[in-house]
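Read the figures in this text as sums done on the coordinates, not as results from a lab. Keep in mind that what you see is a predicted model, and the values were worked out from it rather than measured. Cβ sites come from the backbone with ideal geometry, for glycine too, and all protein chains shown count toward neighbours.
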Amino acid sequence: LEEIVISTLNFYNIYSKRSQGETGVWLEPNSPNSRKICAIGVKTSRWVTMHGFALNVNTDLSYYDYIIPCGIEGKGITSIDKEIEGNISLNEVKKKLLENLKKIFDANLVFGVWKTVDNHVLFFWTHN
């Protein structure tokens, strides 16, 4: 999942990478200006694994002023629109994420419609 997000961010000229020992996708992970742009989650229940990610696209980052994001002190949070200094279409980002998911996982969608529930985008795929 991290690679899908990294490839998507590259499209917007946002150069990101993994941070050793920490999940998610980061910008400048080994610098004092380190900031997280995407959180990754995994759950296993009854022998089924579920994966998810939260990519900050047009996120109001002021909410993070009241918490320690992901429990990691001394690192910041960012979003695509903050990094490119402009608004970005959520639909455009969804399309790029889907293209990269198909390519990286060699996957087919189970259904071709993205479903949005409370601003969370859900989609399902199968491996070829």
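Using the basic label-point model (7 angstrom from Cα toward the beta carbon), what is the Q20 to D81 distance in nanometres? For the pair Q20/D81, the computed spacing is 3.6 nm.
Placing unit charges on each Cβ (+1 for Lys and Arg, -1 for Asp and Glu) gives segment 26-97 a dipole about its Cα centre, and among G86, L61, V42 the Cα reaching farthest toward its positive end belongs to V42.
Taking GluC sites (Glu not before Pro) across segment 46-97, the ones in a DSSP loop with at most 15 further Cβ atoms lying within 10 angstrom of their Cβ are E73, E85.
In segment 47-93, what chymotrypsin sites (Phe, Trp or Tyr not before Pro) fall in a loop by DSSP, with at most 15 other Cβ atoms inside 10 Å? Answer by residue number: W47.
Which loop-located trypsin sites (Lys or Arg not before Pro) does segment 6-55 contain, where loop means any DSSP state but H, G, I, E or B and the Cβ has at most 16 other Cβ atoms within 10 Å? Please list the in-between numbers first.
Values: sites: K17, R18, R35, K36, K43, R46; in loops: R46.
Here the sparse-neighbourhood loop sites are R46.
Spin-label model, R46 to D60: label points 7 Å out along the Cα-to-beta-carbon direction sit 3.7 nm apart.
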